[in-house]
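What follows is a short report on a single structure.
The values are calculated or read from the model by the stated rules, or taken from the named source; none is laboratory data. Quantities reported herein were computed from a predicted structural model and do not represent experimental measurements. Here the Cβ positions follow ideal geometry from the backbone for every residue, glycine too, while neighbour counts run over all protein chains shown.
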Amino acid sequence: MAMKKNLRILVAGGAGFLGSWLCRRLVGEGHDVICVDNFFTSQKKNVADLLACPNFELIRHDVTAPLLLEVDQIYNLACPAAPGHYQFNPIKTMKTSLLGAIHLLGMAKRCRARILQASTSEVYGDPEVHPQREDYRGSVNTLGVRACYDEGKRAAETLFMDYYRMHRVNIKIARIFNTYGPGMHPFDGRVISNFIRQGLQGEPITIFGTGEQTRSFCYCTDLIEGLVRLMNSEDDDFTGPVNLGNPKEYTILELAKHVAKALGRDENREENFVFKPLPEDDPHRRQPDITLARERLGWEPAVPLEEGLAETIGWFKGIDIDSYRPPTPQY
Ligand code: NAD
Ligand code: UDP
């Protein structure tokens, strides 16, 4: 897969968990990287190590407003991703998905840039088909509390396809499944960050529902490799969507025991776990079918859960958790 050198690359949402991994990778490859972020769910320190690099630029900007830049590639990751974050201001979440896509697609059209959308397994909703393939159309409750995110991402996919059909904009759509690793916001409420933070602070691990619901967890560096491969896949008509995730499926209860064990806590001790009600519309099962990514991108995850958890726990141990703040109100 040939990758041109010295591209001008915009990473919208580049200061976030995945965005900062992507910026680091692209800066390391020698590209001119522009990171655009409004720091809603992130902080500047996530990219502090890049600020001194001459090929890295950081712009505080909200993608719901237009912006004028000249670039060769655009990764659109700008959107809160954790349920607690995207439900904090659901109207804003929908605006971010829609207006962000419109502004960045307009930029791609004007600059003839290639643009990749970070879509999500949430477009499948609470799936009736298992594992999920890209041709499954999903089962989303349009009226529920997750819809601001799910429907925003679905509409963004539609906009991407319409810019492709109408204006021949060079698009790629990645459907990302649960991804974790160092750099996650410790208070984002996502399952791996929550479990690790609770475990480290000596609190019981909170399992929602019975813990029988499943997810499949991809380590961040594997995911970034998939995104970069998709962006640089040569066939302009290979738009995706392409599932990117780790096909190994775990129940949340199994995950809780893995995390407890990795933290040196007794995974058989009941007091180490506490059961809480299952949030509304929480999907029961989720597992990607990654046949398409394997065939078209030669991609599959390489990092097993135990290894990824050890890295993530090591990072959490090294940070000052109290220096992270919850999302800033956006009115
Ligand atoms: P994150 O919350 O850490 O990163 C999102 C970034 O976007 C943050 O830096 C945030 O400040 C920024 N942002 C939010 N609204 C913005 C706006 N209006 N203007 C500019 N910047 C804005 O989440 P993440 O896990 O890094 O997710 C990145 C992308 O990948 C998101 O689009 C998300 O939907 C998608 N995704 C992630 C996962 C996952 O498991 N991590 C799964 C599926 C999809
Ligand atoms: N979950 C949990 N305890 C927590 C946080 C999450 O049991 O402290 C569950 C949640 O109900 C869901 C799964 O873990 O079934 C994954 O949640 P997350 O918010 O990470 O992502 P989702 O895949 O639901 O968007």
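What the table below lists for this structure:
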quantity	calculated
Single condition Leu105 does not satisfy, out of (1) more than 8 Å from ligand 1 (Cβ to nearest atom); (2) assigned to a loop (DSSP other than H, G, I, E, B)	(2)
Residues (of a type in the set (D, E, K, R) and surrounded by 21 or more Cβ atoms within 10 Å (Cβ to Cβ)) located in segment 93-126	Arg114, Glu122
Subset of segment 31-60 [within 11 Å of ligand 1 (Cβ to nearest atom), over 18 Å from Ala118 (Cα atoms) and either of a type in the set (Asp, Glu) or assigned to a loop (DSSP other than H, G, I, E, B) (or both)]	Gln43
Criterion: over 30 Å from Gly308 (Cα atoms), without any contact (Cβ under 8 Å) to a residue 60 or more places away in the chain and of a type in the set (A, V, I, L, M) - qualifying residue of Ile102, Ile171	Ile102
Pick from segment 304-331, criterion assigned to a loop (DSSP other than H, G, I, E, B) and in contact with a Gly (Cβ under 9 Å, 6 or more places away or on another chain), ranking: surrounded by the fewest Cβ atoms within 10 Å (Cβ to Cβ)	Pro326
Selection within segment 136-172 - surrounded by fewer than 19 Cβ atoms within 10 Å (Cβ to Cβ), of a type in the set (D, E, K, R) and either under 19 Å from the mean Cα position of the chain (by Cα) or over 15 Å from Ser121 (Cα atoms) (or both)	Asp162, Arg165, Arg168
Selected residue (only one of Ala78, Ala15 is part of a loop (DSSP other than H, G, I, E, B), more than 16 Å from ligand 2 (Cβ to nearest atom), touching a Cys at 6+ places or on another chain (Cβ under 7 Å) and closer than 25 Å to Trp315 by Cα)	Ala15
Single match in Glu70, Glu122 (criterion: within 16 Å of the chain's Cα centre (by Cα), in contact (Cβ under 8 Å) with a residue 24 or more places away in the chain and either within 16 Å of ligand 2 (Cβ to nearest atom) or not in a strand (DSSP E or B) (or both))	Glu122
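Yes or no, residue by residue, for (1) within 9 Å of ligand 2 (Cβ to nearest atom); (2) without any contact (Cβ under 8 Å) to a residue 24 or more places away in the chain:
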| residue | (1), (2) |
| --- | --- |
| Pro182 | no, no |
| Pro186 | no, no |
| Phe195 | yes, no |
| Gly199 | no, no |
| Gly202 | no, yes |
| Ile224 | no, no |
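Residues checked against (1) part of a helix (DSSP H, G or I); (2) modelled with pLDDT under 95; (3) on the phi > 0 side of the Ramachandran plot; (4) surrounded by fewer than 21 Cβ atoms within 10 Å (Cβ to Cβ):
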{"position": "Ala174", "(1), (2), (3), (4)": "no, no, no, no"}
{"position": "Asp188", "(1), (2), (3), (4)": "no, yes, no, no"}
{"position": "Glu225", "(1), (2), (3), (4)": "yes, no, no, yes"}
{"position": "Gly240", "(1), (2), (3), (4)": "no, no, yes, no"}
{"position": "Glu267", "(1), (2), (3), (4)": "no, yes, no, yes"}
